[in-house]
Amino acid sequence: NAKSAWNSAVIDILAQELKSKCTKEAWLITRSDAYLCNMIVNHYKWLRTTWKNTQPRLTDIGTLETPAETEACLLMQREQVLKETWQTTCHHSIIPSIFFSCVD
(Lines give C-alpha, C1' and ligand atoms only; values in the text may rest on other atoms or scores of the structure.)
Protein backbone atom coordinates (compact mmCIF):
# COMPACT_ATOMS: atom_id res chain seq x y z
CA ASN A 1 0.00 0.00 0.00
CA ALA A 2 1.60 3.25 -1.14
CA LYS A 3 -0.26 5.21 1.55
CA SER A 4 1.11 3.34 4.58
CA ALA A 5 3.26 5.36 6.96
CA TRP A 6 6.39 3.43 6.01
CA ASN A 7 5.88 3.73 2.26
CA SER A 8 4.96 7.42 2.55
CA ALA A 9 8.20 8.07 4.41
CA VAL A 10 10.21 6.14 1.81
CA ILE A 11 8.49 7.97 -1.06
CA ASP A 12 9.21 11.34 0.58
CA ILE A 13 12.89 10.40 1.02
CA LEU A 14 13.13 9.23 -2.60
CA ALA A 15 11.46 12.42 -3.82
CA GLN A 16 13.90 14.58 -1.83
CA GLU A 17 16.86 12.58 -3.16
CA LEU A 18 15.58 12.98 -6.70
CA LYS A 19 15.01 16.70 -6.18
CA SER A 20 18.53 17.18 -4.81
CA LYS A 21 19.99 15.23 -7.74
CA CYS A 22 17.99 17.44 -10.09
CA THR A 23 19.39 20.54 -8.43
CA LYS A 24 22.94 19.23 -8.22
CA GLU A 25 23.04 18.19 -11.89
CA ALA A 26 21.22 21.37 -13.02
CA TRP A 27 18.51 19.62 -14.99
CA LEU A 28 16.79 21.94 -17.44
CA ILE A 29 13.28 21.03 -16.31
CA THR A 30 12.41 21.22 -12.63
CA ARG A 31 9.41 19.40 -11.24
CA SER A 32 7.35 20.01 -8.14
CA ASP A 33 7.55 17.74 -5.11
CA ALA A 34 4.01 16.54 -5.81
CA TYR A 35 4.95 15.58 -9.37
CA LEU A 36 8.02 13.65 -8.17
CA CYS A 37 6.01 11.89 -5.45
CA ASN A 38 3.31 10.96 -7.96
CA MET A 39 5.93 9.59 -10.36
CA ILE A 40 7.51 7.51 -7.60
CA VAL A 41 4.11 6.20 -6.41
CA ASN A 42 3.19 5.15 -9.96
CA HIS A 43 6.50 3.36 -10.34
CA TYR A 44 5.97 1.69 -6.95
CA LYS A 45 2.53 0.46 -8.06
CA TRP A 46 4.02 -0.94 -11.28
CA LEU A 47 6.76 -2.70 -9.31
CA ARG A 48 4.23 -4.14 -6.86
CA THR A 49 2.07 -5.48 -9.69
CA THR A 50 5.12 -6.97 -11.40
CA TRP A 51 6.27 -8.59 -8.16
CA LYS A 52 2.80 -10.02 -7.45
CA ASN A 53 2.61 -11.49 -10.94
CA THR A 54 5.91 -13.32 -10.43
CA GLN A 55 4.80 -15.06 -7.24
CA PRO A 56 4.01 -18.80 -7.50
CA ARG A 57 0.31 -19.65 -7.61
CA LEU A 58 -1.57 -22.69 -6.43
CA THR A 59 -1.94 -25.44 -8.99
CA ASP A 60 -5.09 -27.48 -9.54
CA ILE A 61 -3.87 -30.10 -7.06
CA GLY A 62 -3.26 -27.52 -4.33
CA THR A 63 0.55 -27.22 -4.46
CA LEU A 64 2.58 -24.16 -5.32
CA GLU A 65 3.99 -23.78 -8.80
CA THR A 66 7.66 -24.51 -9.24
CA PRO A 67 9.87 -21.63 -10.40
CA ALA A 68 9.95 -23.20 -13.88
CA GLU A 69 6.13 -23.35 -14.00
CA THR A 70 5.88 -19.75 -12.83
CA GLU A 71 8.34 -18.66 -15.50
CA ALA A 72 6.45 -20.61 -18.18
CA CYS A 73 3.19 -18.96 -17.11
CA LEU A 74 4.78 -15.50 -17.24
CA LEU A 75 6.21 -16.19 -20.69
CA MET A 76 2.80 -17.34 -21.95
CA GLN A 77 1.17 -14.20 -20.56
CA ARG A 78 3.86 -12.03 -22.16
CA GLU A 79 3.45 -13.75 -25.51
CA GLN A 80 -0.31 -13.21 -25.32
CA VAL A 81 0.12 -9.50 -24.56
CA LEU A 82 2.64 -9.11 -27.38
CA LYS A 83 0.34 -10.95 -29.79
CA GLU A 84 -2.63 -8.74 -28.85
CA THR A 85 -0.51 -5.61 -29.13
CA TRP A 86 0.76 -6.68 -32.55
CA GLN A 87 -2.75 -7.45 -33.73
CA THR A 88 -4.15 -4.12 -32.63
CA THR A 89 -1.29 -2.01 -33.99
CA CYS A 90 0.01 -3.76 -37.10
CA HIS A 91 -3.29 -4.76 -38.61
CA HIS A 92 -4.73 -1.28 -38.24
CA SER A 93 -1.79 0.25 -40.07
CA ILE A 94 -1.35 -2.49 -42.70
CA ILE A 95 -4.91 -3.37 -43.71
CA PRO A 96 -6.05 0.14 -44.80
CA SER A 97 -2.95 0.54 -46.94
CA ILE A 98 -3.64 -2.81 -48.61
CA PHE A 99 -7.25 -1.87 -49.40
CA PHE A 100 -6.52 1.67 -50.54
CA SER A 101 -3.40 0.90 -52.56
CA CYS A 102 -5.55 -0.85 -55.18
CA VAL A 103 -7.90 2.12 -55.57
CA ASP A 104 -7.07 4.55 -58.38
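The values are calculated or read from the model by the stated rules, or taken from the named source; none is laboratory data. All figures in this text were calculated on a predicted structure; none of them were measured in a lab. Ideal geometry is used to build each Cβ from the backbone, glycine not excepted, and the neighbour counts take in all protein chains shown. Heads up: the accessible areas ignore ligands, DNA and RNA and are worked out on the full protein's heavy atoms, side chains in. Shrake-Rupley method; radii C 1.70, N 1.55, O 1.52, S 1.80 Å.
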Using a Förster distance of 22 angstrom, determine the FRET efficiency expected from the C-beta separation of A72 and N7, and round it to 0.05.
-> 0.10
The stretch 40-90, Kirkwood Rh and Cα Rg, ratio Rg/Rh at 1.10
Keeping the other protein chains in place, figure out the carbon and sulfur percent of the accessible area of the stretch 1-95, with a 1.4 Å probe.
-> 63
Regression test value, accessible area per residue of the stretch 32-86, probe 1.4 Å, units Å², expected 82
Principal axis dimensions, the stretch 1-74 - Cα atoms, whole angstrom, descending | 56, 26, 14
Please find the FRET efficiency linking W51 to A26, where r is the Cβ-Cβ separation and R0 is fixed at 30 Å, and quote it to the nearest 0.05.
-> 0.30
